[in-house]
Amino acid sequence: MKWEDQRESSNVEDRRGEDSGGGFGIGGRHIGIGAIVIALAGWGIFGINPLTTLGLLSGGSTPHVQQGPAKAPPAGDRNAAFVSTILASTEDVWTQVFQQGGARYAAPKLVLYRGSTPTACGTGQAAMGPFYCPGDRKVYLDMDFFDTLTRQLGAPGEFARAYVVAHEVGHHVQSLLGITAKVDGMRGRVSEAQQNALSVRLELQADCYAGIWANRSQQAKRWLDPGDIHSAINAAQQIGDDTLQKRSQGYAVPDSFTHGSSAQRVRWFTQGYQSGSVQACDTFNARNL
């Protein structure tokens, strides 16, 4: 992936050198694969809904927001530069998509942190994986997750990491379009199994939106190398609910899926990539996922 010398976003906030401000972190930097897989299977791995996970919809902790001015990543930080470049590309793509639909795109902030950090959705934890908080319209990422993605989940490659960022931005797009609010509005009105099914459709749509970004950014920049799309597809496959559950407990329970099976996640990312169309990502009206 030829991402060097591309525009970097100014919407990146670096909290990696700050006090977490409460909550619990993950302690030392070495976590066993068993703990990682259990955490990821339980919390979800991409696009976790913090409003649900952190208990805010059921009277959980009061939202804790960041205080003080935001700090940009330091010059020379290659990993931060990569994330900033991918975020900038999502800004370009979704600004164009929204303009074509007669609307204005409001870009999200992306927060880099270590261990734990306060968010408008409660205390974010590195063990949750990357997530989007609609309460403050920010994507949260502990970049140690990239090492987990490569070494423990079997999904190496820069474009696999780009897919992570693009998926979370996809949740931001859903929030702007009012889709997230509609799904959250169903909580408590339907059974747990039905709510899980809605969550799966939400997550698969975010995968599809990540595919739209891949399509349109490639058209604009021609920056992908052979194998980059395979890298993203492999990442989608490795973090399917069935794959994660089999790693953690030896079997899968489909009614408990909240993000979709490996095959479903691959299918919807591919759908977005091949079509480049928001209309092609309507997972909520799809008969077969």
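The table that follows gives values for the structure above.
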read-out	value
Residue list for the stretch 196-222, restricted to those being more than 18 Å from ALA286 (Cβ to Cβ) and in a helix (DSSP H, G or I)	TRP213, ALA214, ASN215, ARG216, SER217, GLN218, GLN219, ALA220, LYS221
Options ALA166, ALA70; residue that is more than 14 Å from the chain's Cα centre (by Cα) and at negative phi	ALA70
Whichever residue in the stretch 95-150 is at positive phi, among the small types (Gly, Ala, Ser) and in contact with a Leu (Cβ under 9 Å, 6 or more places away or on another chain) and, among such residues, is modelled with the highest pLDDT	GLY122
Residue, surrounded by the most Cβ atoms within 10 Å (Cβ to Cβ), within the stretch 143-166, restricted to residues that are touching a strand residue (DSSP E or B) at 6+ places or on another chain (Cβ under 9 Å) and under 28 Å from GLY101 (Cβ atoms)	VAL164
Subset of the stretch 241-264 [touching a residue at least 40 places away in the same chain (Cβ under 8 Å) and in contact with a Phe, Trp or Tyr (Cβ under 9 Å, 6 or more places away or on another chain)]	ASP241, GLN245, HIS259, GLY260, GLN264
Qualifying positions in the stretch 76-94 - modelled with pLDDT of 95 or more and of a type in the set (Asp, Glu)	GLU91, ASP92
Hey, ALA126 more than 21 Å from GLY211 (Cα to Cα) and surrounded by fewer than 19 Cβ atoms within 10 Å (Cβ to Cβ) or not	no
Residues of the stretch 219-269 satisfying the condition of being closer than 11 Å to PHE159 by Cβ and either in contact with a Leu (Cβ under 6 Å, 6 or more places away or on another chain) or hydroxyl-bearing (Ser, Thr, Tyr) (or both)	SER231
Evaluation of ASN288 against (1) surrounded by fewer than 17 Cβ atoms within 10 Å (Cβ to Cβ); (2) of a type outside the set (A, V, I, L, M); (3) more than 22 Å from VAL190 (Cβ to Cβ) (one fails), failing number	(3)
Number of the condition not met by LEU57 [criteria: (1) part of a helix (DSSP H, G or I); (2) at pLDDT 95 or above; (3) of a type outside the set (Gly, Ala, Ser); (4) over 18 Å from the mean Cα position of the chain (by Cα)]	(2)
Residues of the stretch 253-265 satisfying the condition of being hydrophobic (A, V, I, L, M, F, W, C) and surrounded by 20 or more Cβ atoms within 10 Å (Cβ to Cβ)	PHE257
Scope the stretch 183-223; condition over 19 Å from the mean Cα position of the chain (by Cα) and at pLDDT 95 or above; matching residues	GLN218, GLN219, ALA220, LYS221, ARG222, TRP223
Selection within the stretch 177-195 - of a type in the set (A, V, I, L, M, F, W, C), out of contact with any Asp or Glu (no Cβ under 8 Å at 6 or more places or on another chain) and within 20 Å of ALA286 (Cβ to Cβ)	LEU177, ILE179, VAL183, MET186, VAL190
Tabulated pairs, the stretch 122-135, first closer than 21 Å to LYS182 by Cα and in contact (Cβ under 8 Å) with a residue 60 or more places away in the chain, second among the acidic types (Asp, Glu) and part of a helix (DSSP H, G or I), C-beta under 8 angstrom, 6+ apart or interchain	PHE131/GLU168; TYR132/GLU168
Residue count for the stretch 216-241, restricted to those that are touching a helix residue (DSSP H, G or I) at 6+ places or on another chain (Cβ under 6 Å), surrounded by 20 or more Cβ atoms within 10 Å (Cβ to Cβ) and within 17 Å of LEU289 (Cβ to Cβ)	3
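The values are calculated or read from the model by the stated rules, or taken from the named source; none is laboratory data. The shown structure was predicted, so the numbers you read here are calculated from the model rather than taken from an experiment. With ideal geometry, Cβ positions are generated from the backbone for all residues, glycine too; neighbour counts draw on all protein chains shown.
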